[in-house]
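Working notes, beginning with the structure itself.
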Amino acid sequence: MLRLLLTCEHGGNTVPPAYEALFNGQEDILQTHRGYDIGALDLYQSLRPVADVGFYSETTRLLVELNRSIGHPKLFSEFSSMLPEKDRQRLLRQHYLPYREEVEQMVQDFVSAGRQVLHLSVHTFTPVLDGEERQADIGLLYDPKRKQERAFSREWKAALLRQDKKLLVRFNYPYLGIADGLTSYMRRKFTADQYVGIELEVNQKYQEHHPERWHQLKQLLSDTLKVLLLEKQEEFSSS
Ligand SMILES: [Zn+2]
């Protein structure tokens, strides 16, 4: 049986009081895509009813980046990297490890119970980065070496296009699924049979400028995901 775990690493731009001083005079940046994934938590909430379990963060990624591994040069931002070592360690203890460990435990619990886990990590991306307009509505990021991840992404794209031919759905765009991130970390912990990790990336322009289209997109993603999961459950029960 397949179980769906939904996560959202960049759901909010909250700064815990102990760290507010880091952003003095530069609070505006928290409202931008650099502070969080605009619309991601909204998208997560609309997909959540389809999932078996879910977990999200509302703390800004400018404190500690939940979608990077310990040791990655961008684990801390320009605001938090100058903190003394003990404060950075405290950020890891209070904000990073509880999140990463909880998600890993959720996967472990299903795996221990003999289930396979589909982990969908929900993100949004800024429509223009460094002056370049990104050419996608939806990105599905996976490890091309993992057959089930590739197959699931292809099936999801096909299902989306059946509903809306104009949608621009791309694989491993705007980032590579094998880049450092939570799903890449989980792949090192769990086998391809235990763990299927996909990052969903949706263009922020709809949430920001086209509310009706945004609503449609959320509905479309949720409907197609629900149908795909049902199909997968049937495959499992008939095999
Ligand atoms: Zn993100």
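The values are calculated or read from the model by the stated rules, or taken from the named source; none is laboratory data. Model, not experiment: these values are computed from the prediction. Don't worry about glycine lacking a Cβ; one is built from the backbone with ideal geometry, like all the others, and counts go over all protein chains shown.
Consider the stretch 55-80 and keep the residues that are polar (S, T, N, Q) and either at pLDDT below 95 or within 14 Å of the ligand (Cβ to nearest atom) (or both). The one that is surrounded by the fewest Cβ atoms within 10 Å (Cβ to Cβ) is Ser77.
Scanning the stretch 168-183 for residues that are surrounded by 19 or more Cβ atoms within 10 Å (Cβ to Cβ), touching a residue at least 40 places away in the same chain (Cβ under 8 Å) and assigned to a loop (DSSP other than H, G, I, E, B) gives a single hit, Gly181.
Among the listed residues Ile38, Ile29, Ile70, which satisfies the condition of being in contact with a helix residue (DSSP H, G or I) (Cβ under 8 Å, 6 or more places away or on another chain), among the β-branched types (Val, Ile, Thr) and assigned to a helix (DSSP H, G or I)? Only one candidate qualifies: Ile29.
Restricting Gln135, Gln207, Gln163, Gln194 to those that are within 19 Å of Asp223 (Cβ to Cβ) and in contact with a strand residue (DSSP E or B) (Cβ under 8 Å, 6 or more places away or on another chain) reduces the list to Gln207. The C-beta contact set for the stretch 84-102 (first residue part of a helix (DSSP H, G or I), second residue of a type in the set (Phe, Trp, Tyr) and surrounded by 14 or more Cβ atoms within 10 Å (Cβ to Cβ), distance under 6 angstrom, 6+ apart or interchain) comprises Glu102/Phe55.
Considering the stretch 2-43, the residues that are free of Cβ contacts under 8 Å to residues at least 40 places away in the same chain and under 12 Å from the mean Cα position of the chain (by Cα) include one that is nearest to the ligand (Cβ to nearest atom), namely Tyr36.
Cβ-Cβ distances below 9 Å connect the following pairs, each with a first residue in the stretch 184-202 that is more than 14 Å from the ligand (Cβ to nearest atom), a second residue that is at pLDDT below 95 and in a strand (DSSP E or B), and a separation of six or more residues or different chains: Val196/Leu2. Residues in the stretch 116-167 that are free of Cβ contacts under 8 Å to residues at least 24 places away in the same chain, closer than 24 Å to Glu208 by Cα and outside any strand (DSSP E or B): Asp130, Gly131, Lys157, Leu161, Lys165, Lys166. Residues in the stretch 88-107 that are of a type outside the set (S, T, N, Q), surrounded by fewer than 18 Cβ atoms within 10 Å (Cβ to Cβ) and more than 16 Å from Thr60 (Cα to Cα): 3 in all.
Just checking, which of Glu133, Glu149 is crowded, with 18+ Cβ neighbours inside 10 Å and farther than 22 Å from Arg61 by Cα?
Answer to the check: Glu149.
The residues of the stretch 102-160 that are more than 16 Å from Glu201 (Cβ to Cβ) and within 16 Å of the ligand (Cβ to nearest atom) amount to a single one, Val103.
Within the stretch 152-167, if we keep just the residues that are of a type in the set (A, V, I, L, M) and surrounded by 14 or more Cβ atoms within 10 Å (Cβ to Cβ), the residue that is farthest from Gln194 (Cα to Cα) turns out to be Leu167. Could you tell me whether any residue of the stretch 199-208 is part of a loop (DSSP other than H, G, I, E, B), under 28 Å from Gln31 (Cα atoms) and modelled with pLDDT under 95? No, the conditions are met nowhere in the stretch 199-208.
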